[in-house]
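Asks: Next up is a structure, given as structure tokens.
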Amino acid sequence: MGRVRIGGSKNAALPILFSGILTGAPCLFYDLPRVSDVLQTLEILRYLGARIRFLQDGAVMVDYSDMRPLTPPPAFTSKIRGSVYLLGSMLGRFGRAGLAGAGGCDFGNRPIDQHLMGFGLLGAEIHESNGVLLLEASALQGADITLAMPSVGATANLLMAATAAGGDTYIRGAAAEPHIAALISFLRSAGAVIEDLPNGDLHVHGGMPLHGASVFVIPDMIEAGTYLAAAMATGGRVRLDHVDPTHLTAVLDTLRQMGASLIVDENSISLEAPDTYTAVSVTTGPYPGFPTDLNPQFAALFCIGDHARGQGSMRELVWQDRFRYIRELRLMGAQALIDGDTAFFTPRPLIGSKVTSPDLRGGAALIIAALAAAGQTEIENAHTVARGYEHIEQKFRALGAELHTVS
Ligand code: EPU
């Protein structure tokens, strides 16, 4: 049986690292995944004056004391989506935040209108000139904010600004992803007072003095889901350690429906894949729904003629343009039809081919398809996958796969 240790969550690490700016003090991070999005975040923080030390026990110390209210050049921020978290964190600390472009996966339009609406209600003035977004506030004041959709980014950004604002802030319709809970837990350990209201709204008692804190980054639920999908693709057995199964309820339910045998403990999941599994209908949605970041990997499973039975479908309700990986799967022989927000898949034998990773999770889906395809697959643009998967070659090797990076 292959055994894989799941690393820290990228999408928890990014807002937590940026929110450390609010503390103005040294903070200690354990289980920070060494993925390129996290390393780029550390570069941005260093540019702004933070001091960073990689400690021998694997922890990373970030000293946020001597930071400056600068706008990092776009070469720093345009590589990652998480740089948008500079807005809430720098505004909260300095009353001023500048962002000259945020990057991330290209899913079509990625608006930040909900972030800006909330910053406006907290008292920030918002200007944009020559592609630079500038936020300024002489004093942030608590506000009652209702999000139009449970945006992860807007919830995290507004939590940061509200923590520094005087008085009470309510964030209604907030995102509930485990990475939001992880950010709240870090901010609390740094001195913030944040209440989860029974209806899912958040109540921030702002303006509390913050201090340095240490944190263990939660395990990455998307990395875990990716390796579970990979085990299904190979008809194999895998045990994942350092995982929180409570974050994966929708994913584990889907795997059970497909016919997987699962043994779930507090911190581990073992999966035994059947020789053939049932392709099912999945709809993505905000947590606790099926995560959009596992859409491509599970869709790839529905394409695999050697194992999948029946027609599978993937309905995408979070991102408009998440199906770009389908063009690449078709190059490997997959049969897929897109109709509006839903893609339908009919299993076919897959053939190793030369494909291009369209984005982080789309690239992971191509690896999964390649594991089941006859012959060799070459994936170009593979650096997109390194944005969110740590030690990917070793971990896939633990599943019996041959995966090499060629330069
Ligand atoms: N949206 C708006 N206006 C806003 C904010 C969001 O219309 O102001 C819409 C988006 O267009 C999208 C939906 O709301 O349709 C959800 O967007 P959200 O803000 O939740 O996404 P995000 O914060 O930009 C994070 C993750 C993504 C993940 C989504 C959804 C990070 C750095 N990124 O993005 O992760 O897909 O939440 O869970 O945390 C990935 O890791 O591969 C990845 C893309």
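Just so you know, all these numbers are worked out from the coordinates, no wet-lab data involved. All values derive from a computational prediction rather than experimental measurement. Neighbour counts run over all protein chains shown; Cβ positions are idealised from the backbone, glycine included.
Asks: Per residue of the chain, what 222 nm ellipticity follows from adding -39500 (n - 2.57) for every DSSP H run with n ≥ 4, rounded to the nearest 500?
Replies: Value at 222 nm, helices only, nearest 500: -9500 deg cm²/dmol.
Asks: What percent does the relative contact order of the chain come to when contacts are Cα pairs within less than 8 Å and at least six residues apart?
Replies: 15
Asks: Now for a separate question. What aspartates and glutamates could a cross-link reach from Lys10, if we take a straight Cα to Cα line under 14 Å and drop same-chain neighbours fewer than 8 places away?
Replies: Lys10 reaches Asp31, Asp37, Glu177, Asp220, Glu223, Asp293, Glu390.
Asks: Can you put Tyr227, Tyr277 in order, fewest other beta carbons within 10 Å first?
Replies: Tyr277, Tyr227
Asks: Okay, next question. What are the ³J(HN,Hα) values, in whole Hz, obtained from phi via the Karplus relation 6.51 cos²θ - 1.76 cosθ + 1.60 with θ = phi - 60°, for each residue of region 273-284 in sequence order, with x given for Gly and Pro?
Replies: Couplings: 7, x, 4, 10, 10, 8, 6, 10, 9, 10, 10, 7 Hz.
Asks: For Thr377, Thr77, which order do you get if you count the other beta carbons within 10 Å of each Cβ and list the fewest first?
Replies: The fewest-first ordering by Cβ neighbours comes to Thr377, Thr77.
Asks: Among Val204, Val4, what is the fewest-to-most ranking by other Cβ atoms within 10 Å?
Replies: By the 10 Å Cβ count, ascending: Val4, Val204.
Asks: Here's another thing I want to ask about it. Give me the tail of P(r) for the chain as a percent: Cα-Cα pairs with distance above 39 Å.
Replies: 19
Asks: Also: Under a cut-off of 24 Å between alpha-carbon atoms, report the lysines in cross-link reach of Lys354, not counting same-chain residues fewer than 8 places apart.
Replies: Output for Lys354: Lys395.
Asks: Any chance you could tell me what percent of the C-alpha pair distances in region 152-270 go past 21 Å?
Replies: Tail of P(r) above 21 Å: 49 percent of Cα pairs.
Asks: Taking the chain as a Gaussian network, Cα atoms linked when under 10 Å apart, which of Leu197, Leu228, Leu45 shows the biggest mean-square fluctuation?
Replies: Leu197
Asks: Looking at region 342-407, which GluC sites (Glu not before Pro) are in a loop (DSSP not H, G, I, E or B) and have at most 14 other Cβ atoms within 10 Å?
Replies: Here the sparse-neighbourhood loop sites are Glu402.
Asks: Moving on to the next point. Given Cβ point charges of +1 (Lys, Arg) and -1 (Asp, Glu) and nothing else, what value in debye, to the nearest 20, does the dipole of the chain about its Cα centre take?
Replies: Charge dipole, the chain, about its Cα centre: 660 debye, nearest 20.
Asks: Moving on to the next point. Excluding Leu134 itself, calculate the net charge of residues whose Cβ lies under 10 Å from the Cβ of Leu134, where each Lys or Arg counts +1 and each Asp or Glu counts -1.
Replies: Summing Lys and Arg as +1 and Asp and Glu as -1 gives -2.
Asks: Given region 240-314 reduced to its alpha-carbon atoms as identical point scatterers, what log10 I(q)/I(0) does the Debye formula return at q = 0.12, 0.21 Å⁻¹?
Replies: One equal scatterer on each Cα of region 240-314 leads to -0.32, -0.97.
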